[in-house]
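Visitor: Handing you this structure, nothing more for now.
The values are calculated or read from the model by the stated rules, or taken from the named source; none is laboratory data. Just so you know, these numbers come straight off a predicted model, no measurement behind them. In this analysis, Cβ positions are derived from the backbone assuming ideal geometry, glycine residues included, and neighbour counts consider all displayed protein chains.
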Amino acid sequence: MQPNRLDQGGLIDRGRPLQFTFNGTAYLGYQGDTLASALLANGVKLVARSFKYGRPRGIVGFGAEEPNAIIQLGRGGETVPNLRATQVELYDGLEACSVSGWPSLDLDLTSLFGLVGRLLPPGFYYKTFMWPRRFWMAYEHFIRKAAGLGKAPDTADPDIYDKLHQHCDVLVVGGGVAGIQAARAAANAGARVIILDEQTQLGGMLLASHSEVNGMPALDWVAGQISELQGHARVTVLTRTTAFGYFDHNFVAAVERRTDHLGLSATSASRQRLHRIRARQVILASGAIERPLVFANNDLPGVMLASAVQAYLNRWAVAPGRRLLLVTNNDSAYQAALDWQTAGREVVAVLDTRPGSNGSLPKAAEAANIKVYRGYGLVEAKGGKAVAGARIASLSADGQSITGAIQELECDLIASSGGWSPVVHLSSHTGNKPRWDDEKGAFVPGNSLQNFLAVGASNGEWNLKACISQGYLAGQAAARAGGFDSVDLESPVVNIKETIESAQQAVFLLPHEMPTSRAPKQFVDQQLDVTAAAIELAAREGYQSIEHTKRYTALGFGTDQGKLGNINGMAILANALGKSIADTGTTVFRPAYTPTTFGAIAGRDVGELLDPERYTAMHRWHERHGAKWENVGQWKRPWYYPQAGETMLEAVNRECLAVRNSAGMLDASTLGKIDIQGPDAAEFITRIYSNSFLKLEPGRCRYGLMLKEDGMIFDDGVTACLGDNHYLMFTTTGGAAAVLSWLELWAQTEWPELQVYFTSVTDHWATTTVSGPKARQVLERLGTDIDLTPAEFKFMDWRAGTVAGLAARVFRISFTGELTYEINVPAHFGRYIWEAVYAAGKEFDITPYGTEAMHVLRAEKGFIICGQDTDGSMTPDDMNMGWAVNRNKAFSFIGKRSLERSDTTKGNRKQLVGLRTQDAATVLPEGAQIVNSLNETIPMRMQGHVTSSYFSPILGHSIALAVVKAGLSRMGDTVYCPLADGQTVAAKIVPSVFYDPSGERQNV
Amino acid sequence: MLQIYCPYCREMREEEEFSYSGEAHIKRPDNPEALSDEEWGDYLFFRKNPRGLHCEMWQHTVACRRYFNVVRDTVSYEIHETYPIGSQPSKMTDAALGSTD
C-alpha cells in the first residue's frame, strides 16, 4: 500500500491508519504522519509546479524550510491556502491539493516558460511588462494567474480565534534539547517559564535522530525531563506553537494551533490562539536548518536535504526512494547515509567535496562499506519528472572547479548538505545583525540589543553535549538575571560518545563544466525560481548590495522567506562581487517567521467587536423611527429619518424646511463636553481660545476658535460660564478626545502654576436641540420654570431650571441660524426628555432631523465644520472669522504669534467663500478643484476646492462653501470646476452666508 | 510594543495605554511677539531627530492622563528612564537635552 514505508520504527501509530486525498487521489497514512511524510510513503514525488518556469517539484525538507510542497487544505470557508505539507499533521479525511500547476500538475502550460527560460531574466517584469503602459493590466492578470499561490476562502472564516496575554520570567523558544535544559534550569531556580515549540511534541532534532545519551536513546533521556516540565507548576509548555515575531522590549508573538491537527471542521475550541508574551528574559533555542548545495537541475523531485532524508527515515519510517546518492561538504550529512543503509536501502555513494576528513562519521561510513568519493562534486542531476541519476566529477581542492572527467551514477534519490544555518530570524527581528562565523560556516546572532540569549544550534553550536550544557547554563543565567538564584539543580552529567568532526568546506555552488550562465538551471531559491545565473547576472548589471539583489531577483521573497536559499544566494553574490560573505551580509529577516493566519492576529476583534460603537441615550428611539446612521468617530448619529417612500434628498429637504418654517429636534448628545473648574479657569481658556473669556459672566456663552500654535484652526465650539471659576466647553464630536489632551498638555507642561482642572462629561449629559421659529412655543408647551421671554433669555445665554419636570441646563445657542434651545439633562433622562419634546412639539409638527439636515442648515448660514471646511491649514482670517480673534489680550494666546507670520498674512491665501452654480440644480461634488479659466493649458493652476456642497430647499438652489485663493476679494468672479467625469461646472463666487445674512432669525 | 513605566502610577504598563506627544523639554517662548519669524519658526517646526537617546513626552492616556518625559534610544527602542514634567533626566548629556531648557 505504502511502497516507501518501512516495516518498523518511527514515531507513527501503524494501528491508526488515516485516509486522505491529494489532488483528488486517495491515499493512506498513519497517525503521526505529516502530509509530506504520508505523500512520500505513498511514493508521491511530484507535488508542485514552480513559480516562474512551471518545473516539476518535489518535497525537499521536513519542516518550516520547505519551499516547494505548498498546498491548499480543505474547501469552502474553511480552506487554508499556502501551507507547507511538511508542517500539516495528517488527519482522517484530509483533503489537499497543490496550489500551482495550471491546468494540472502533470500538464503545466507555464512550463513552456522553462523552454524559453533565457527570455525570463531577473528584472524581467520591470524590463518587459512596464511597456507599453496601458497593457500592464492585461499582463498583471496573466502574471497573477501564473504566480502559483493558493486561493483565499471565498466566504467568511467560520472559526474562532483567541488572544492570550502572557507574562513570564523566562521564555524559551524551541523545545529541542538545548531549550529543554534551559527551561528546566530556569524553572528550578524559581522563574516562571514558558517553553514553546512549533512541532507536535518537544524534542526538536532528537525526534529525527538516533543519538544516544547516557547509553540510551536521547529521546528517551529527555522524555523524563519533558514530563517533569509538563507537570511543573511554574512552567507552561506550548506545543504546536510558533513564535513568529520578536518585538520591542521582549515582546514575543506566538500562534498556537489548537485544532488544526484534528481537521478543519473541528469545533470544540478556538482554532488558534495568539499568545502575546512579555518575557523578562528570552532564550532562543530555535535550532538550525540544513543548507542544500546548489547544482544543475537540483530542483528535480527526488533531491532533498540530507537531514530531511534522515528525519523521514527515523521519525516517520519512510524511505523516500531506493538508491541514495549523498553529496556533502561536511561530516554531519554522513549520518543520513548510515541511517539509509541501516534501513536496508542502497547507498549508491557519498560525494564529499573535501579532499579528506578525519571525522568519526566518514570513518563509520567507510567501515560500513559505503562508497565515498573524496574531492568529488555533483555536477548535474538527471531525470525528467524525477531523479534518475547524476553526473559527478572530481573537484579542485577548494571545490570551485572540475578537475576530472564526468562520470554518471544511477540513483533515484539525491540528498545534499551544505552545512547548517542557525535560525536567526527571531533575533534579527530585534534589529540584531547576524554575524558571519567562518569557522562554523554560518550566520550566528550578533550582539544582543534585547535581553535574549541564543543557545544550541541557533547559536551555531552543533555538538549535542555542548547544546545540553549551553542550554542549561543559559536557563540559569536568565533566571539569575530575572532575580532568581539557581540552587536546586545540578548541571546534568551526560555521557555522550566523543566524536571527531572535521571542518566543513566553504562550497555553496557546485561547479558545472559550463559557465553558470550557460549550465542547466542551478536553483538557489526554489520557491521563486531564482537561479545562481540570475544572481550572477544581477552582479554584472551592477547590483552590489544584497538588499538590492534580493529585490531585483526576488531571492527570499517567497512565503518561506528563503530559509533554504538565502545564505547560498549571499555566498554566490559575494563570490561574483569578489567579496567575503561577511562583507556582503544578510538581508533583514522580518516577522512573520512562518505565514500566520489573519484570524489569529484579529482574534475576537472582528465583526461587531472590531471597534466600540457609542450610542446616545436616545439611540433606540432613533432606531425605531427608521433613522439611517452616520458614523462620527465611534458614535452612531442619526443621519436622516426617511419616511415611507422617501429618497434621502426628499427626507433631508423635508427636515430642513421643518426647521426653517416650524420646529425640528436634533440629538446633539455626542458633542464633546469638558467641565473646567479652578480659580484660573478663565485665564486658561483665554490662553487656549482665540477670543477672551475673562469677562464672560455666569449665564452667558461664547463661541471660540481653538488654534494650534501654528495659527491653524484645530477645533471650535461654545463655552458657557456655569458659575464662578466653573465653565463648560463644548467641542466637536470627533475632536473631543484630542481637545481634552490638548488642554491637559498646556495645563500640565507649560502652565502648571494655573489652577485648573478638566473632566470629560460628554457621556454625562443628553442634549435635545429644539430649533425653528416655533422652538419657544415647544418649550412653553413642554413646561419650564425658565423665563423664556427674549429680553430675559437672550441669544448666547444659558439658564438652569426645570424642564418637563427635570433639572436641566438650557443653552440658547444656534447652529441652524434659527431660534434654538439646547436642553441638557443627565444622560439617563435623555430618552424621557426627547420623547417629551416630541410630544410637546406635535402640534407644531416638530420634525426630528439628522446630521445631514444639520449640515445643510449650517451651510446655508456659512457656519464652518472643523475638519470639513478646515483641514489644518486654515487660519481664522482664511475662514473670514477674524471677528472671533481678540488680538488685544494680555497673554499671547496659543497660535497668535503665528497669525503674524509672513505666510499667514500673505494676500493670496485660500479663503472661505460661497459658490453659486450657474445651473441652480447642479450640486458640486465636495472636493471638486477650482480653476480660473478653461483655456489654461494643463496642468491648470489650482485656485482651491469645494469644502461643503448641498441643495438648499429653502433657497431653491444649490449652495457650496469653498476655499479659493484671495477669494474674499473676488466676489462675483466666475470660476470653473472640472470634474472627474469630464464635465465642467461654472460657478460664481458669493459671500459664504446664503441665508439670513443679518442673523435676525436666531435673535427673535 | 514598548513597555513604559509611568512615573505617576508607578507601574510598568503596555504601550497601548499611552500616547506619544513629541519631543520633550521644548519651552514656549515667554514673549512670542518679541521673536523674529525665523526664531518663532524654530520653536514651531524644528525638532531633533537623533540616532540614539531622545527625550520625548508621553501621556498615560487611559489611566492617570498625566504627561511625563521618557528617555528612549531611537535605535534599540530601549527606554532608559521616565520622569515627571518639570524635572530633568539623570543620565542625559547636555548635548542630548534641549537647548531651550
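Visitor: How about the stretch A:915-959: which of its residues are more than 40 Å from the chain's Cα centre (by Cα) and closer than 15 Å to A:Ser992 by Cα?
Guide: Matches in the stretch A:915-959: A:Leu915, A:Arg916, A:Thr917, A:Phe951, A:Ser952, A:Leu955, A:His957, A:Ser958, A:Ile959.
Visitor: Here's another thing I want to ask about it. Give me a count of the residues in the stretch B:76-88 that are within 11 Å of chain A (Cβ to nearest Cβ) and either touching a strand residue (DSSP E or B) at 6+ places or on another chain (Cβ under 7 Å) or on the phi < 0 side of the Ramachandran plot (or both).
Guide: Selection size over the stretch B:76-88: 5.
Visitor: Please state which one of A:Ser265, A:Ser227 is of a type in the set (Gly, Ala, Ser), touching a residue at least 60 places away in the same chain (Cβ under 8 Å) and not in a strand (DSSP E or B).
Guide: One residue alone meets the criteria, A:Ser265.
Visitor: Please state which one of A:Ala538, A:Ala477, A:Ala466 is surrounded by fewer than 17 Cβ atoms within 10 Å (Cβ to Cβ), part of a helix (DSSP H, G or I) and out of contact with any strand residue (DSSP E or B) (no Cβ under 6 Å at 6 or more places or on another chain).
Guide: Being surrounded by fewer than 17 Cβ atoms within 10 Å (Cβ to Cβ), part of a helix (DSSP H, G or I) and out of contact with any strand residue (DSSP E or B) (no Cβ under 6 Å at 6 or more places or on another chain) holds for just one of A:Ala538, A:Ala477, A:Ala466, which is A:Ala466.
Visitor: Another one. Within the stretch A:665-683, which residues are surrounded by fewer than 22 Cβ atoms within 10 Å (Cβ to Cβ) and assigned to a helix (DSSP H, G or I)?
Guide: A:Glu683
Visitor: Can you give me the number of residues within the stretch A:705-731 that are more than 16 Å from A:Ala682 (Cβ to Cβ) and modelled with pLDDT under 95?
Guide: Residues that pass the stated criteria total 0.
Visitor: Among (1) outside any strand (DSSP E or B); (2) in contact (Cβ under 8 Å) with a residue 24 or more places away in the chain; (3) within 12 Å of the chain's Cα centre (by Cα); (4) at negative phi, there is one condition B:Pro50 misses while meeting the rest; what is its number?
Guide: Failed condition: (3).
Visitor: Take the residues of the stretch B:61-75 that are within 15 Å of B:Leu2 (Cβ to Cβ) and crowded, with 16+ Cβ neighbours inside 10 Å: which is farthest from the other protein chains (Cβ to nearest Cβ)?
Guide: B:Val71
Visitor: May I pose another question? Return a yes/no flag: does the stretch A:79-88 have any residue that is among the basic types (Lys, Arg) and under 27 Å from A:Leu324 (Cβ atoms). Please lay out each step first, then the result.
Guide: As a first pass, look at the stretch A:79-88 and keep what is among the basic types (Lys, Arg): A:84.
Then keep just the ones that are under 27 Å from A:Leu324 (Cβ atoms); that gives A:84.
Yes, the conditions are met somewhere in the stretch A:79-88.
Visitor: With the structure loaded, tell me whether A:Arg887 is under 29 Å from A:Ala736 (Cβ atoms) and in contact with a Phe, Trp or Tyr (Cβ under 6 Å, 6 or more places away or on another chain) or whether it fails that test. Show your work before the answer.
Guide: Values: under 29 Å from A:Ala736 (Cβ atoms): yes; in contact with a Phe, Trp or Tyr (Cβ under 6 Å, 6 or more places away or on another chain): no.
So A:Arg887 fails the test.
Visitor: Which residue is farthest from the other protein chains (Cβ to nearest Cβ), if the candidates are limited to the stretch B:38-60 and must be surrounded by 14 or more Cβ atoms within 10 Å (Cβ to Cβ) and of a type in the set (Phe, Trp, Tyr)?
Guide: Filtering first and then ranking leaves B:Trp58.
Visitor: A:Gln87 passes all but one of (1) at pLDDT 95 or above; (2) within 26 Å of A:Leu426 (Cβ to Cβ); (3) of a type outside the set (Asp, Glu); (4) surrounded by fewer than 18 Cβ atoms within 10 Å (Cβ to Cβ); which number fails?
Guide: Here A:Gln87 meets the rest and fails (4).
Visitor: Taking the stated definitions as given, is A:Ile283 farther than 28 Å from A:Tyr91 by Cα, in contact with a Cys (Cβ under 9 Å, 6 or more places away or on another chain) and at pLDDT 95 or above?
Guide: Spelling it out, it is not the case that A:Ile283 is farther than 28 Å from A:Tyr91 by Cα, in contact with a Cys (Cβ under 9 Å, 6 or more places away or on another chain) and at pLDDT 95 or above.
Visitor: In the stretch B:1-23, is there at least one residue being over 24 Å from A:Glu744 (Cα atoms), more than 10 Å from chain A (Cβ to nearest Cβ) and at pLDDT below 95?
Guide: no
Visitor: Taking the residues in the stretch A:735-748 that are among the aliphatic types (A, V, I, L, M) and facing another protein chain (nearest Cβ under 9 Å) as candidates, determine which candidate is nearest to the chain's Cα centre (by Cα). Lay out the reasoning, then the answer.
Guide: First, pick out the residues of the stretch A:735-748 that are among the aliphatic types (A, V, I, L, M): A:736-740, A:743, A:745, A:747.
Imposing the further condition that a residue be facing another protein chain (nearest Cβ under 9 Å) reduces the set to A:737, A:740, A:745.
Details: A:Ala737: 26, A:Leu740: 30, A:Leu745: 31 Å.
Filtering the stretch A:735-748 for residues that are among the aliphatic types (A, V, I, L, M) and facing another protein chain (nearest Cβ under 9 Å), the one nearest to the chain's Cα centre (by Cα) comes out as A:Ala737.
Visitor: Identify the residue in the stretch A:882-908 that is buried (at least 19 other Cβ atoms within 10 Å of the Cβ) and part of a loop (DSSP other than H, G, I, E, B) and, among all such residues, is farthest from the other protein chains (Cβ to nearest Cβ).
Guide: If we take residues in the stretch A:882-908 being buried (at least 19 other Cβ atoms within 10 Å of the Cβ) and part of a loop (DSSP other than H, G, I, E, B), then A:Val885 is farthest from the other protein chains (Cβ to nearest Cβ).
Visitor: Hey, can you tell me all the residues within the stretch A:433-465 that are of a type in the set (A, V, I, L, M, F, W, C), within 14 Å of chain B (Cβ to nearest Cβ) and in contact (Cβ under 8 Å) with a residue 24 or more places away in the chain?
Guide: The answer is A:Phe452, and nothing else.
Visitor: I'm checking my understanding of the structure. Among residues of the stretch A:230-251 that are of a type in the set (Phe, Trp, Tyr) and crowded, with 22+ Cβ neighbours inside 10 Å, which one is farthest from the other protein chains (Cβ to nearest Cβ)?
Guide: Looking at the filtered set, the residue picked out is A:Phe244.
Visitor: Same structure, new question: Which ones in the stretch B:28-37 are among the charged types (D, E, K, R), loosely packed, with under 13 Cβ neighbours inside 10 Å and facing chain A (nearest Cβ under 8 Å)?
Guide: B:Glu33
Visitor: Kindly evaluate A:Ser992 against the criterion of being without any contact (Cβ under 8 Å) to a residue 40 or more places away in the chain and under 30 Å from A:Lys774 (Cβ atoms). Quick ask: steps written out before the conclusion?
Guide: Numbers: without any contact (Cβ under 8 Å) to a residue 40 or more places away in the chain: no; under 30 Å from A:Lys774 (Cβ atoms): yes.
In short, no.
Visitor: What's the total number of residues in the stretch A:586-630 that are outside any helix (DSSP H, G or I) and among the aliphatic types (A, V, I, L, M)?
Guide: 7
Visitor: Go through the stretch A:749-759 residue by residue and tally those that are within 14 Å of A:Ile676 (Cα to Cα) and either within 36 Å of the chain's Cα centre (by Cα) or not assigned by TED's automatic domain parsing to the domain that holds A:Ile688 (or both).
Guide: Selection size over the stretch A:749-759: 1.
Visitor: Just a yes or no: is a residue in the stretch A:500-520 of a type in the set (A, V, I, L, M), touching a Leu at 6+ places or on another chain (Cβ under 6 Å), within 30 Å of A:Leu149 (Cβ to Cβ) and not in a loop (DSSP other than H, G, I, E, B)?
Guide: No: the stretch A:500-520 contains no residue that is of a type in the set (A, V, I, L, M), touching a Leu at 6+ places or on another chain (Cβ under 6 Å), within 30 Å of A:Leu149 (Cβ to Cβ) and not in a loop (DSSP other than H, G, I, E, B).
Visitor: Taking the stretch A:971-1004 only, how many residues are of a type outside the set (Val, Ile, Thr), surrounded by fewer than 17 Cβ atoms within 10 Å (Cβ to Cβ) and not in a strand (DSSP E or B)?
Guide: Qualifying residue count for the region: 15.
Visitor: Say whether the condition of being under 18 Å from A:Gly456 (Cβ atoms) and touching a residue at least 60 places away in the same chain (Cβ under 8 Å) is met by at least one residue in the stretch A:152-171. Working first, answer last.
Guide: Initially, the stretch A:152-171 is screened for residues under 18 Å from A:Gly456 (Cβ atoms), giving A:170-171.
Next cut, touching a residue at least 60 places away in the same chain (Cβ under 8 Å) only: A:170-171.
Yes, the conditions are met somewhere in the stretch A:152-171.
Visitor: On the given criteria, is A:Leu806 over 28 Å from A:Gly633 (Cβ atoms) and in contact with a helix residue (DSSP H, G or I) (Cβ under 7 Å, 6 or more places away or on another chain)? Steps first, answer last, please.
Guide: Values: over 28 Å from A:Gly633 (Cβ atoms): no; in contact with a helix residue (DSSP H, G or I) (Cβ under 7 Å, 6 or more places away or on another chain): yes.
Considered against the rule, which asks whether it is over 28 Å from A:Gly633 (Cβ atoms) and in contact with a helix residue (DSSP H, G or I) (Cβ under 7 Å, 6 or more places away or on another chain), A:Leu806 comes out as no.
Visitor: With a cut-off of at least 1 residues that are touching a Cys at 6+ places or on another chain (Cβ under 9 Å), name the strands (runs of 3 or more DSSP E) lying wholly within the stretch A:757-840.
Guide: Numbers: elements: A:757-760, A:765-771, A:798-803, A:806-811, A:820-826.
Qualifying strands (runs of 3 or more DSSP E): A:798-803, A:806-811.
Visitor: Now for a separate question. Return the residues of the stretch A:298-344 that are among the aromatic types (Phe, Trp, Tyr) and within 19 Å of A:Gly63 (Cβ to Cβ); say none if nothing qualifies.
Guide: Quick first cut of the stretch A:298-344, residues among the aromatic types (Phe, Trp, Tyr) only: A:312, A:316, A:334, A:340.
Scanning the stretch A:298-344 gives A:Tyr312, A:Trp316.
Visitor: Here are A:Arg184, A:Arg273: which of them is surrounded by fewer than 23 Cβ atoms within 10 Å (Cβ to Cβ) and out of contact with any Ser or Thr (no Cβ under 6 Å at 6 or more places or on another chain)? Break it down into steps so the answer makes sense when it comes.
Guide: Values: A:Arg184 fails: surrounded by fewer than 23 Cβ atoms within 10 Å (Cβ to Cβ).
When all the criteria are applied, what remains is A:Arg273.
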